[in-house]
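As structure tokens, the structure follows; a few thoughts come after it.
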Amino acid sequence: MLSPFEIKLLKSLEKNREYTIEDAAEIAGMKKDAVIKAIYLLAEKGFVEIEEKLWKEYELTEEGIKYLTEGLPEEKLISELRESKKSIKELEEKFGKRLVGIALGNLKKKGAIKIESGVVELISEPQFYEKAALEKIYSDRTAKLDEKILRELKKRKLLREEQFKEVSFKIIRKPDIELKEKISDVTPEILISGAWKGKEFLEYDIRIPSKEVFTAKIHPYERIIRECRKIFLEMGFTEIKGHYIQPAFWNFDALFQPQDHPAREMQDTFYLDGYVELEGDAVERVKLTHEDGWVTGSRGWGGKWSPEKAKQLVLRTHTTAITIHYLALNPEPPVKAFCIDRVYRRETIDATHLPEFDQLEGVVLDRDVGFTDLLGLLREFFHKMGFEDVRFRPGYFPYTEPSVEPEVYVDGLGWVELGGAGIFRKEVTEPLGIKGKVLAWGLGIGRLAMLRLGMKDLRRLYIPDIGWLRSLPAIKR
Ligand SMILES: N[C@@H](Cc1ccccc1)C(=O)O
């Protein structure tokens, strides 16, 4: 089977004549690369004979040219030594350390000098065959040199060697079959003009290695986000969304987070230069709950609750701001909702901290649910994500009681904490009129992704690291 290029070449060139690649490319009207490819394929099939000529050329280095014009270091030294013995120190003062070093080394090798307690004496006139060799190369790059001299000059870095290869070839046989050009590309033009009629089409040669193809694929992080989403959708949850910008009220106050809580400080939270008016019964009840517990049976945090602080706009620090608002609008059980989205905290960027990251938040509101349901649900989610061993450590959040921190076991890392969970306190649910118990959790999915992808640096998820992305399989797991 002959490719269109092989056929073209065989058709355009004469038998038994020697061609260079350049000549052949010009005569056949082909690119040089195509000619090269074709002749090697044709040679394999016995139609072409290839001759590769290899030769070397030499070129003087900058230093070589300098020595040629100014003389070799040893030549300079010799003329000095011819007059009398000289101390090395004296020579160095005149010619510099480097030159003297080179010159003495070479003269000693030739047995031309004797050095005794720092004094150099000329004992025989050396031959400067290097100079002649440099001259020869200077006038003819392909000049033949004695191997030993060549090695020496190369070692002294006075000349550079370059390898050349010239390929020429001869067609030694043309195939008997009629050399029909086959169509390799079926273009619209060929189809419309009917030029394809009566022609043959090129078969694919599946043995020819093809270019590596990098298919488009979904970013691994996005894939993990989708995987989380699927798990919750399959468990009957509704996905919800909310604004990045929230009044402190929904981010903190509604969650019974005291107004002097350290997490509300400027150094932890991004505050925006703006506020929204808050009104309604819920706001009033949240205020009363903060101040003295209202009717919840709690003592509250005491002090005066400031509506000014609650009005402040912040970049949400957790997606719990979204679930709690959703529950306030949908207070009747049953509710099962989740939110996967971006949150913001004033963090110093390092391998495991970013000022923006994503959380997987969820709530279950029902009358007859409890702590074990929460643990079972989270355990189930982690199992589905591929984490076998899950455990829960006691935790603390102002809005949940009890509170836990779920952890998964990862080989080589040990137990890794993945977020927080708990049951909303009545100080949270009652002022907002939420009827029933609320199981709630918020997980850091950047962490989850790092564990799943075996990454050491969280930042990698957000930079266009093409090499890394290409190295990951296009298909999940
Ligand atoms: N909001 C908590 C996580 C959490 C959510 C819900 C209940 C308990 C804890 C955090 O960002 O760390």
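The values are calculated or read from the model by the stated rules, or taken from the named source; none is laboratory data. On a predicted model such as this, the values are computed, not experimentally measured, just so you know. Because the Cβ atoms are built from the backbone with ideal geometry, glycine has one as well, and the counts that use them run over all protein chains shown. Areas reflect the complete protein model, heavy atoms only, side chains present, ligands, DNA and RNA absent. Shrake-Rupley method; radii C 1.70, N 1.55, O 1.52, S 1.80 Å.
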* Take the stretch 380-394 and flag every residue that is open to solvent by 70 Å² or more (accessible area, probe 1.4 Å) and either touching a residue at least 12 places away in the same chain (Cβ under 8 Å) or touching a helix residue (DSSP H, G or I) at 6+ places or on another chain (Cβ under 7 Å) (or both). => 380, 384, 388, 389, 391, 393
* **One residue from 40, 19 being farther than 30 Å from residue 147 by Cα, without any contact (Cβ under 8 Å) to a residue 12 or more places away in the chain, assigned by TED's automatic domain parsing to the domain that holds residue 172 and not in a loop (DSSP other than H, G, I, E, B)** => 40
* Looking at this structure, is residue 174 surrounded by fewer than 10 Cβ atoms within 10 Å (Cβ to Cβ) and touching a Leu at 6+ places or on another chain (Cβ under 7 Å)? -> no
* Structure fact -> Filtering the stretch 140-193 down to residues that are touching a Lys or Arg at 6+ places or on another chain (Cβ under 6 Å) and farther than 24 Å from residue 34 by Cα yields 143, 161
* Structure fact -> Of all strands (runs of 3 or more DSSP E) fully inside the stretch 371-453, the set with 1 or more residues that are of a type in the set (Lys, Arg) is 390-394, 437-444
* Restricting attention to the stretch 68-77, which residues are open to solvent by 20 Å² or more (accessible area, probe 1.4 Å) and either under 29 Å from residue 163 (Cβ atoms) or part of a strand (DSSP E or B) (or both)? -> 68, 69
* Which is modelled with pLDDT of 90 or more, in the same structural domain as residue 52 (by TED's automatic domain parsing) and not polar (S, T, N, Q), of 194, 198? -> 194
* Restricting the stretch 298-333 to residues that are β-branched (Val, Ile, Thr) and within 12 Å of the ligand (Cβ to nearest atom), the residue that is surrounded by the fewest Cβ atoms within 10 Å (Cβ to Cβ) -> 317
* Structure fact -> Expected single match for over 18 Å from residue 227 (Cα atoms), away from the ligand (no atom under 12 Å from the Cβ), open to solvent by 10 Å² or more (accessible area, probe 1.4 Å) and assigned by TED's automatic domain parsing to the domain that holds residue 253 among 365, 377, 453, 413 is 413
* To do: Could you check, for the stretch 284-297, whether at least one of its residues is of a type in the set (Val, Ile, Thr), away from the ligand (no atom under 16 Å from the Cβ), surrounded by fewer than 19 Cβ atoms within 10 Å (Cβ to Cβ) and under 19 Å from residue 357 (Cβ atoms)?
  => no
* For residue 422, all conditions in the list (1) near the ligand (Cβ under 9 Å from one of its atoms); (2) open to solvent by less than 10 Å² (accessible area, probe 1.4 Å); (3) over 30 Å from residue 295 (Cβ atoms); (4) not polar (S, T, N, Q) hold save one; what is the number of the exception? -> (3)
* Asked: Conditions: (1) of a type outside the set (S, T, N, Q); (2) over 45 Å from the mean Cα position of the chain (by Cα); (3) outside any strand (DSSP E or B). Residue 190 meets all but one. Number of the miss?
  -> (2)
* To do: With the condition kept exactly as written, say whether any residue in the stretch 254-276 is in a helix (DSSP H, G or I), at pLDDT 95 or above, out of contact with any Ser or Thr (no Cβ under 8 Å at 6 or more places or on another chain) and assigned by TED's automatic domain parsing to the domain that holds residue 422.
  => yes
* Return only the number of the condition from (1) open to solvent by 10 Å² or more (accessible area, probe 1.4 Å); (2) within 44 Å of the chain's Cα centre (by Cα); (3) away from the ligand (no atom under 16 Å from the Cβ) that residue 336 does not satisfy. => (3)
* To do: Give me a count of the residues in the stretch 352-362 that are among the hydrophobic types (A, V, I, L, M, F, W, C) and either modelled with pLDDT of 95 or more or open to solvent by 30 Å² or more (accessible area, probe 1.4 Å) (or both).
  => 2
* The listed residue being of a type outside the set (Val, Ile, Thr), in a helix (DSSP H, G or I) and within 20 Å of residue 149 (Cβ to Cβ), out of 63, 80, 57 -> 63
* Asked: Which pairs do you get when a residue that is not assigned by TED's automatic domain parsing to the domain that holds residue 368, found in the stretch 325-350, comes within reach of a residue that is modelled with pLDDT under 95 and surrounded by 15 or more Cβ atoms within 10 Å (Cβ to Cβ), reach meaning Cβ atoms under 7 angstrom, with the pair 6+ apart or on two chains?
  -> none
* Got a number for residues in the stretch 399-410 being within 12 Å of the ligand (Cβ to nearest atom) and touching a Lys or Arg at 6+ places or on another chain (Cβ under 8 Å)? -> 6
